[in-house]
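Participant: The structure that follows is given in the form of structure tokens.
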Amino acid sequence: MLLRPGQITLDELQAIHAGGQPLVMDPQALPGIQASAAVVRRAAEGSEPVYGVNTGFGKLASTRISEADLATLQLNLIRSHSVGVGEPLAPAVVRLMLAIKAASLARGHSGVRPVVIDTLLAVHNAGLIPFVPSQGSVGASGDLAPLSHMTLALMGEGDFLVDGVRQPAAAVLQARKIAPLQLQAKEGLALINGTQTSTALALHALFAFEPVLESALVIGALTVDAARGSDGPFDPRIHALRGQPGQIDVAEYYRALLQGSAIRASHEEGDDRVQDPYCLRCQPQVVGACLDQMRHAALVLLREANAVTDNPLVFSEDGAMISGGNFHAEPVALAADAMACAIAEVGAIAERRIAMLIDSGVSRLPPFLTPNAGLNSGFMIAHVTAASLASENKSLAHPASVDSLPTSANQEDHVSMATFAARRLQPMIDNVAHILGIELLAASQGIDFLRPLQSSAPLEQVHTTLRALCPAMMQDRYLAPDIEAASALVRGGELARILRTLPALPALWIPV
């Protein structure tokens with residue numbers, strides 16, 4: 001894959017995230033890289049103080065460093081900042097970190113030599129995963145600790161994860177014939193001053209949530225049929241009057257999923273219910289709003305993945321080196337917080353649909369979806385699990401960006417907490433996948449009670465896919481394995497693929 005600095009697409013980022021994509025830097029970037037490196041070299045040889053080149057860092061910015069110690073300054077920076085704790089970041093996240101850091105430096109405003117970018121890409125292309133602890137960044141002055149651990153591995157002083165086992169970096173680089181990176185002026189700072197960890201974590205969540213959100217649409221439609229709900233609320237005229245793009249698209253997804261359902265046709269007349277519960281009727285409004293938030297987050301994260309976010313920035317046209325604050329990850333933090341609310345809401349309305357299905361007074365299905373309620377508890381406690389996960393997500397959805405703790409002796413006095421904002425999304429997605437897995441089991445059980453009536457062709461395919469793994473539960477049995485199997489369908493994309501086979505539907509993420 002040709003890596004074009006400043007022009008990477010969302011599809012390309014998703015391919016990098018998935019792995020197996022060797023990267024080649026666009027040769028057109030080389031003159032800009034060399035020009036900015038020359039500016040830094042002249043500054044290092046000059047007498048004027050330039051932050052990060054011949055000064056200390058943070059609160060120590062007024063401390064002047066001699067020319068003889070400039071390389072040691074960068075080495076000490078990486079060593080002292082490699083202070084992360086916790087479990088290592090997932091390989092997919094680290095792949096994105098390596099790629100988008102290389103692309104950022106290659107824009108030619110960071111003052112690094114080409115060898116720095118070449119080393120990042122060599123490590124990526126060799127399939128090596130630097131050991132990067134997941135905790136320790138506040139999302140301003142860049143993701144200092146995690147990017148330092150990444151850089152330490154490039155230097156041969158940290159560790160790599162090889163087949164999940166932590167191994168010393170020097171031996172791993174030697175085995176792959178990759179020369180350890182030797183830093184020169186500003187290069188350590190350029191490598192760790194940036195938002196690549198928080199951006200990679202948020203992209204990881206965006207890509208992981210895509211099949212879950214698509215599954216939510218499919219399962220929500222299946223629940224409409226299981227409860228013999230109306231498709232009237234999905235009439236395009238309703239949604240056109242409001243004009244919210246996500247709402248319009250979600251209603252279109254539901255119309256396509258429900259089209260041709262004999263279950264729906266069976267109660268078009270003689271059904272005394274006037275309106276469905278909100279969890280059915282308002283799915284376009286709720287899930288559509290969540291889709292809009294995710295689409296906006298995708299745009300923000302795409303911009304950030306293409307951005308230059310270190311400090312100071314180099315402008316080779318006039319030789320200027322200007323200190324700024326692009327390392328402040330507030331855009332990522334706010335996007336991740338919006339994603340958290342959207343993820344939580346998708347799970348919250350799914351939990352309400354499960355509660356509706358097991359309530360015979362609303363769904364008109366057998367109590368707790370079992371034919372012999374009392375002797376059997378059916379889906380009673382499976383719903384409790386869904387409720388606990390939805391509640392947990394409410395706590396996790398609390399915005400991280402509104403919190404700030406000053407660091408570096410109050411020099412860095414407002415921070416974004418973007419890294420945690422993005423990192424906490426993954427457990428939320430897992431919770432939603434389990435809620436949807438439970439709903440898939442419950443809705444399919446509801447469909448079974450309506451036989452011999454058939455749902456639509458795509459929803460019958462969903463039902464068949466589940467039943468190949470999990471039989472109907474007409475008497476109580478050990479249900480946890482079924483929940484895991486159904487949740488795996490949600491996460492793994494099998495249900496998403498059913499949605500994607502429907503013709504002429506809008507793309508989930510707006511092409512960018």
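Read-outs throughout are calculated quantities, based only on the coordinates presented, and are distinct from any laboratory measurement. All values reported here derive from a predicted model rather than from experimental measurement. Quick reminder, even Gly has a Cβ in these numbers, built from the backbone with ideal geometry, and neighbours come from all protein chains shown.
Participant: Calculate the FRET efficiency for residue 323 and residue 372 from the Cβ-Cβ distance with a Förster distance of 51 Å, rounded to the nearest 0.05. Kindly include the intermediate steps, with their values, before the conclusion.
Facilitator: Values: r = 73 Å, r/R0 = 1.42.
E between residue 323 and residue 372, to the nearest 0.05, is 0.10.
Participant: Just to be sure I understand the model, the point goes 7 Å from the Cα along the line to the Cβ. What's the resulting residue 472 to residue 362 distance in nm?
Facilitator: 2.4 nm
Participant: Would you give the gap between the C-alpha center of the stretch 40-97 and the C-alpha center of the stretch 419-482, rounded to a whole Å?
Facilitator: Using only Cα atoms to place each centre, the spacing works out to 50 Å.
Participant: About the Cα centre of the chain, what is the dipole size in debye to 20, counting +1 per Lys and Arg Cβ and -1 per Asp and Glu Cβ, all else neutral? Walk me through the intermediate numbers first.
Facilitator: Numbers: 35 positive and 48 negative charges, 102 e Å.
That gives a dipole near 500 debye.
Participant: Looking at 298, 60, 402, which one has the Cα that reaches farthest to the positive end of the dipole of the chain (charges on Cβ: Lys, Arg +1; Asp, Glu -1)?
Facilitator: Of the options given, the answer is 60.
Participant: Based on DSSP, what percent of beta bridges with both residues in the chain are antiparallel, to the nearest 5?
Facilitator: On the way: 13 of 16 bridges.
Of all bridge pairs located within the chain, approximately 80 percent are antiparallel.
Participant: Compute the FRET efficiency between residue 72 and residue 14 as 1/(1 + (r/R0)^6), taking r as their Cβ-Cβ distance and R0 = 35 Å, and round to the nearest 0.05.
Facilitator: 0.30
Participant: Also: Could you work out how much longer the chain between residue 396 and residue 4 gets when fully extended? Use 0.36 nm per residue separation minus the Cα distance between them, nm to one decimal. Write out the running numbers ahead of the final one.
Facilitator: Details: separation 392, 0.36 × 392 = 141.12 nm, distance 3.58 nm.
So the chain would gain 137.5 nm between residue 396 and residue 4.
Participant: Given labels modelled 7 Å from the Cα in the Cβ direction, how far is it in nm from residue 115 to residue 63?
Facilitator: Between residue 115 and residue 63, the simple spin-label model gives 2.7 nm.
Participant: Something else about it: Provide Rg over Rh for the stretch 2-194; use the alpha carbon set for both Rg and the Kirkwood Rh (inverse mean inverse pair distance). Intermediate values should be presented prior to the final figure.
Facilitator: Working: Rg = 16.1 Å, Rh = 16.9 Å.
With Rh from the inverse mean 1/r over Cα pairs, Rg/Rh is 0.95.
Participant: Among all helices in the chain defined by DSSP H, which have a length of 30 Å or more along the axis from Cα atoms plus a Kyte-Doolittle mean of at least 0.0? Walk me through the numbers on the way to the answer.
Facilitator: Working: long enough: 196-226 (44 Å, 1.14); 283-305 (32 Å, 0.33); 330-358 (42 Å, 1.15); 425-449 (36 Å, 0.80).
Span-like helices, by this rule, are 196-226, 283-305, 330-358, 425-449.
Participant: From the residues 266, 248, 470, which one has its Cα farthest along the dipole of the chain in the positive direction, the dipole being from +1 and -1 charges on Cβ of Lys/Arg and Asp/Glu about the Cα centre?
Facilitator: 470
Participant: Can I ask one more? With unit charges on the beta carbons (Lys and Arg positive, Asp and Glu negative) and the dipole taken about the Cα centre of the chain, which residue among 142, 374, 355 sits farthest to the positive side?
Facilitator: Of the listed residues, the answer is 142.
Participant: Give, as a single signed number, the net charge of other residues whose beta carbon lies under 13 Å from the beta carbon of residue 456, with Lys and Arg counted +1 and Asp and Glu -1. Intermediate results must be reported in sequence, preceding the final value.
Facilitator: Values: positive: 255, 264; negative: 225, 231, 460.
So the surrounding residues net to -1.
Participant: Place a +1 charge on the Cβ of each Lys and Arg in the stretch 2-194 and a -1 charge on the Cβ of each Asp and Glu, then give the dipole magnitude about the Cα centre in debye, rounded to the nearest 20. Display every interim value, and only then the final one.
Facilitator: On the way: 14 positive and 14 negative charges, 38 e Å.
In total the dipole reaches around 180 debye.
Participant: Continuing with this model, one more query. Which lysines, on any chain, are close to residue 186 with Cα under 28 Å apart, when same-chain ones fewer than 8 places away are left out?
Facilitator: Straight-distance partners of residue 186: 59, 101, 177.
Participant: If you take every residue apart from residue 353 with its C-beta less than 15 Å away from the C-beta of residue 353, what net charge results, scoring Lys and Arg +1 and Asp and Glu -1? Before the final figure, lay out the partial values.
Facilitator: Values: positive: 228, 281, 352, 364; negative: 225, 276, 345, 351, 359, 439.
Net of charged neighbours comes to -2.
Participant: So how do 239-248, 114-123 stack up, highest first, on mean other-Cβ count within 10 Å?
Facilitator: Values: 239-248: 15.2, 114-123: 21.0.
By packing density, highest mean first, the sequence is 114-123, 239-248.
Participant: Using helices alone, I'd like the mean residue ellipticity at 222 nm for the chain: each DSSP H run of four-plus residues gives -39500 (n - 2.57), total over residue count, nearest 500. It would help to have the intermediate numbers written out before the result.
Facilitator: On the way: 22 runs with 284 residues, N = 512.
After summing the helix terms and dividing by residue count, I get -17500 deg cm²/dmol.
Participant: To continue, here is another question. Under a crude label model (7 Å from the Cα following the beta-carbon direction), how far is residue 269 from residue 162 in nanometres?
Facilitator: About 7.4 nm, to one decimal.
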